[in-house]
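Comments concern the structure below.
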Amino acid sequence: MSAACPPQSPAVAKTEVPVEGWCPLLAATFAYWDNILGPRVRHIWAPKGQGSLLLSDGEVTFLANHTLNGEILRSAESGAVDVKFFVLSEKGVIIVSLIFDGELKGDKNTCALSIILPQSELNFYLPLHSVCVERLKHIVRKGRICMQKDHSIIPMLTSEIVPIMELLSSMKTHSVPEEIDIKDTLLNDDDIGDSCHEDFLHKAISSHLQTCGCSIVVGSNPDKVNKIVLTLCLFLTPAERKCSRLCRADDFFKYDTGLFVQGLLKDSTGSFVLPYRQVLYSPYPTTHIDVDINTVKQMPPCHEHMYNQRRYMRMELSALWKAASEDDISPDNLINAQDSFTPDLNIFQDVMHKDTLVKSFIDEVFLLKPGLSLRSVYLSHFLLLLHRKALTLLRYIEDETQKGRKPFRSLRNLKTDLDLTVEGDLNIVMAMAEKLRAGLHSFVFGKPFFTSVQERDVLMSF
């Protein structure tokens with residue numbers, strides 16, 4: 001260890017997290033800047049049973065220096081969380097740090113919550129970077145309130161770091177491959193009704209595209225669940241497939257916020273309970289597909305989803321601020337503390353809008369001979385068509401609004417000019433465009449708090 005490093009405090013607390021299988025995350029650390037002693041590590045989380053791969057205390061101190069050095073003169077808005085990404089080739093690690101201000105022992109300190117992975121896992125981690133960062137950002141917001149109220153931040157951070165370790169471990173073994181063989185999907189069947197009902201497949205793919213490629217597939221048969229998962233992942237980019245997960249045949253994965261497509265098994269009673277908060281915190285609306293009873297439901301469109309998500313976040317942080325003691329800050333206690341904490345909303349609704357794009361694609365792709373590359377080529381052509389329609393829609397809106405300088409008021413003309421008069425087609429292309437230009441739904445539909453019923457009324461009035 002370099003002699004320039006400050007001596008490590010002997011009182012660094014450490015939590016060993018039992019994780020099934022190998023976890024690519026070496027450690028997570030919470031450190032702060034001490035005005036006398038410099039960077040100090042307050043807590044370490046490490047997966048249990050990693051053996052020689054675990055970092056020593058000296059190495060953790062060295063890494064803490066890198067995450068907090070240069071932050072002593074940090075000038076940021078109140079409540080800002082800065083994300084730093086370090087690649088330390090000399091140590092063979094990558095570090096992702098969230099830098100924020102918090103109160104420790106009555107003083108304002110610059111703090112860093114960091115996760116550390118081997119440099120060899122860089123390609124594995126990069127597609128999951130935004131998933132991990134967004135989840136850690138929200139736990140930092142809640143942690144800052146704990147620090148302000150002189151409560152320990154460690155239990156709050158642990159509640160998110162442990163699931164992230166489990167997520168990375170599961171993605172190491174069950175992530176969807178970047179390249180999918182169409183032979184492993186429903187699109188390789190001889191006939192459209194061989195594996196599932198024709199209308200079910202149409203609804204599943206259509207809703208999947210309408211919710212920006214974000215779907216949950218639940219069922220009792222792992223093979224059937226995974227076949228649907230792989231089928232839906234055909235409509236994702238290679239990077240998005242790396243953020244998707246197959247179900248596990250011999251055990252149950254928990255729902256993880258931020259993944260595009262994930263397969264989940266029901267329990268022995270044939271039921272599956274989705275955690276409300278995690279589903280609402282997904283970056284996009286989600287489609288819920290049950291392969292046992294062939295049902296497809298979807299969340300409201302992007303602008304409604306974002307409004308509900310932010311409203312729920314504000315309620316959660318407000319309830320945390322009003323909590324009288326550390327015993328009251330558990331998620332269950334927070335929900336019970338305020339009747340209006342959970343909005344009275346049915347977040348999964350029936351798929352209301354029919355489309356012609358997916359219907360035509362399914363009808364035509366099954367006319368092609370299976371087992372050859374024809375269907376793969378036709379799928380690529382279909383995805384290219386959707387992408388070009390999304391780009392055309394964006395350019396149309398830019399021209400009509402002078403690149404956002406005036407409000408958009410010609411939805412009827414857009415639907416006619418771009419041949420998107422069928423609501424399902426419009427939703428699919430809008431969802432594709434949303435991923436290219438975030439906030440498009442809110443801009444087009446005006447007020448982001450329209451309910452789905454109100455939105456349909458607006459659309460029908462044109």
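Miscellaneous remarks
- Rounded to the nearest 500, the helix-only mean residue ellipticity at 222 nm of the chain stands at -13000 deg cm²/dmol, with each DSSP H run of n ≥ 4 adding -39,500 (n - 2.57).
- Dipole of the chain computed with +1 at Lys/Arg Cβ and -1 at Asp/Glu Cβ about the Cα centre; of Y32, C212, L113, farthest Cα towards the positive end is Y32.
- Gain in span if fully extended, V12 to E364, counting 0.36 nm per residue against the direct Cα distance: 120.4 nm
- The lysines within cross-link reach of K369, meaning a Cα-to-Cα straight distance under 19 Å and a gap of 8 or more places when in the same chain, are K183, K359.
- Of K137/K227; K354/K415; K91/K254, those spanning more than 22 Å from alpha-carbon to alpha-carbon: K137/K227; K91/K254
- When the charge dipole of the chain is built from unit charges on Cβ atoms (+1 for Lys and Arg, -1 for Asp and Glu) and taken about the Cα centre, the candidate among V131, T286, G49 whose Cα reaches farthest toward its positive end is V131.
- Integer Hz, Karplus 6.51/-1.76/1.60 couplings in order for the range 412-429, x for Gly and Pro: 4, 5, 4, 5, 6, 5, 9, 6, 10, 6, 7, 4, x, 5, 4, 4, 5, 5
- Gain in span if fully extended, K84 to F443, counting 0.36 nm per residue against the direct Cα distance: 126.2 nm
- Overall, the chain carries a charge dipole of about 1260 debye about its Cα centre when +1 sits on the Cβ of Lys and Arg and -1 on the Cβ of Asp and Glu, all other atoms neutral.
- When the GluC sites (Glu not before Pro) in the range 65-97 are filtered for DSSP coil states and for at most 16 other beta-carbon atoms within 10 Å of their beta-carbon, the remaining sites are E77, E90.
- Distance from the alpha carbon centroid of the range 78-129 to that of the range 249-293 works out to 29 angstrom.
- Shown in residue order for the range 27-44 are the 3J(HN,Hα) couplings computed by the Karplus curve 6.51 cos²θ - 1.76 cosθ + 1.60 at θ = phi - 60°: 6, 10, 9, 10, 10, 9, 8, 9, 5, 9, 9, x, x, 10, 8, 8, 8, 10 Hz (x for Gly and Pro).
- Projecting the Cα atoms of P222, S169, L187 onto the charge dipole of the range 94-227 (Cβ charges, centred on the Cα centre) puts S169 farthest toward the positive pole.
- Packing here is the average count of other Cβ atoms within 10 Å per residue, and on that basis the peptides 24-37, 231-244, highest first, run 231-244, 24-37.
Bear in mind that the values in this text are calculations on the coordinates, not laboratory data. This structure is a prediction, so every number in the text was calculated from the model and none was measured. For neighbour counting, all protein chains shown are included, and Cβ atoms are generated from backbone atoms with ideal geometry for every residue, glycine included.
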